[in-house]
1. Not counting ligands, DNA or RNA, and with a 1.4 Å probe, what is Phe301's accessible surface area in Å² rounded to the nearest 10?
2. What distance in nm lies between label points placed 7 Å from Cα along the C-beta direction at Phe362 and Asp282?
3. Starting from the coordinates of the alpha-carbon atoms of the chain, obtain the Kirkwood hydrodynamic radius over all distinct pairs and give the value in Å to one decimal.
4. When the dipole is taken about the Cα centre of the range 177-255, and only Lys, Arg (+1) and Asp, Glu (-1) are charged at their Cβ, what size is it in debye, to the nearest 20?
5. Do you know the relative contact order of the chain, to the nearest whole percent, from alpha carbon pairs under 8 angstrom that are 6+ apart?
6. If the convex hull of the alpha-carbon atoms of the range 193-257 is projected onto planes in all directions, what is the mean projected area in square nanometres?
7. Output the peptides 345-351, 30-36 sorted from most to least packed, where packing is the average of other Cβ atoms within 10 Å over each peptide's residues.
8. Between Tyr9 and Glu63, what is the label-to-label distance in nm when each label sits 7 Å out along the Cα-to-Cβ direction?
Amino acid sequence: MPTFTVKSYQTILNKLKIIDHWFWCRYTLNPYNGCQFGCIYCDARSERYHMPADFENQIIIKEKPWELLDRRLSRARTLRPDVVGMGGVTDSYQPAESKFRNTRGCLQVLLKHRYPVHIFTKSHRVLEDLDLLREIAKESWAAVSVTLTTLDPQLAGFLDKKAPPPAKRLAVIRQISREAPEVKTGILMMPMIPGFGDGEEALRRMADAAVENGANYLLFGGGMTLRDQQGLWFLRNLREKFPEKMPLYETLYQFRYDPDRYEGRYGPRGDYLLEKHRLILDICKAAGLPVRLPRFLPDDFRRDNYRLAEKLLNAAYLRQTLGKPWEAPFWLGHHLENLDEPIADIVSRGDWHKLPGIEEKFRTWIITHLPAGMAIRPGSRQSP
C-alpha cells in the first residue's frame, strides 16, 4: 500500500535553458514525487531525480503547489507565457490526484495567467479536468499526450504494471478528440522498449490505433535508456520474467549482467535506433499520421520567431532520427526562440550577429520565410 507524505517546497516551476523541441515546453512542473504506476522502465528511478527509495509506494505530495505557482507567475518580471509540461517525471494523474487535486489546482492557475500546457499521462483521470483543458486551449494552447509503449495488455502488465490498460488509454484520446477537439491529443510512444512492441506489425497496429481513435499525432524518439538504479531495476525484472530477452539487451546495451550495478550503454545501439526510426516514419507517413505536434504560437513579438523555429526544429528532429547532420538547424531554431525582439527587425537592421554562426544559406532561408508583406526596408544593411 502506498504512503503519502505532504512536504513543503520553495519552488514548483522549472524554466528550461532551451525549449524542449519534442514537446515544445519552456517550463516543467511535477505536482508529485514518486509515482504509483510503478512502470519498470521509468527513468525517474535513476539517481539524478532524487526520488523516494520506494518509488511507487512512497509518494511525496507537494503542499499547495498551486499557491507556489500563482505566486511565481504573479511576481514574474522576466517570465512570458509559454508551454508548461506537466508529468514529465512522475504522472500528474496517478491515483493520488483523485484525493489531493494538485494537478487541477495548478491547471486553474495556468488558466488564470493564460499559460499553455502539455500534459503527459497514462491515466484516464485526465478526463476529469477536460473542462479546464478546454478553457486553456481556448485562451492559449493545450495538449494531452498519452503514453503507450505497447497495445498488448499482457506486456503492458509487465511494463506498466499499475497503469490503466492500453485500451483505456486509447479511450482517453478518443474522448478528447470527440469532446474537446481544441485540445491536441495523441500517442506518446516513449520510450520504445526493445523486444516489447517494437516489431513491424506491432508498430503498424499502434499507428492504426492512433488514427482510429482520433489522435492528432504519434510522438516517438529514441529507445529506452538504462542507467544506475533504474537500469538495475529494469534488468532484474526482465531477467525474472523474460530471461530469453536478456541476450538482446546485452547486445544492444553492451553490458555483462551484474546484479549489483549497471555498467553499459545509456541507450541502445545506433543501428537499432536508425532501423526503428525509419520504420516508424514510413508507417506513419502511409497512415497519414503526423509525428510532430504543432506548437504554441504566442500573440506577441515571438510569434514569427517561433513559427520559423518550428520549421527548423522539425527539420532537425527528422534529420537526427535518420542519422543525418542536424546541429545547424537545431541551434538556429533555439536562437530564434530566445530572441528578445522580432526576427524581422533584426533582418531589417542586418544585425546577424544576434544569431551566432549563422550560415549564409540560413540567412537567405530566414528572409524567404518572413511573413508576406514584411519587406526589408530600403537601405538596410541586410545580407545577402
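The values are calculated or read from the model by the stated rules, or taken from the named source; none is laboratory data. Everything quoted here is computed from the prediction, not taken from an experiment. Glycine also receives a Cβ, built like all others from the backbone with ideal geometry; neighbour counts cover every protein chain displayed. Ligands, DNA and RNA are excluded from the accessible area calculation, which covers all protein heavy atoms including side chains. Shrake-Rupley method; radii C 1.70, N 1.55, O 1.52, S 1.80 Å.
1. Roughly 60 Å² of Phe301 is accessible to a 1.4 Å probe.
2. So the label points at Phe362 and Asp282 sit 3.2 nm apart.
3. Values: mean 1/r = 0.0450 Å⁻¹.
The answer is 22.2 Å.
4. Working: 9 positive and 11 negative charges, 44 e Å.
Charge dipole, the range 177-255, about its Cα centre: 200 debye, nearest 20.
5. Values: 667 pairs, mean separation 48.5, N = 384.
Relative contact order, the chain: 13 percent.
6. Numbers: hull surface 21.9 nm².
Value for the range 193-257: 5.5 nm².
7. Working: 345-351: 16.0, 30-36: 24.3.
Top to bottom by mean Cβ count within 10 Å: 30-36, 345-351.
8. Placing both labels 7 Å beyond Cα along the Cβ direction yields 1.4 nm.
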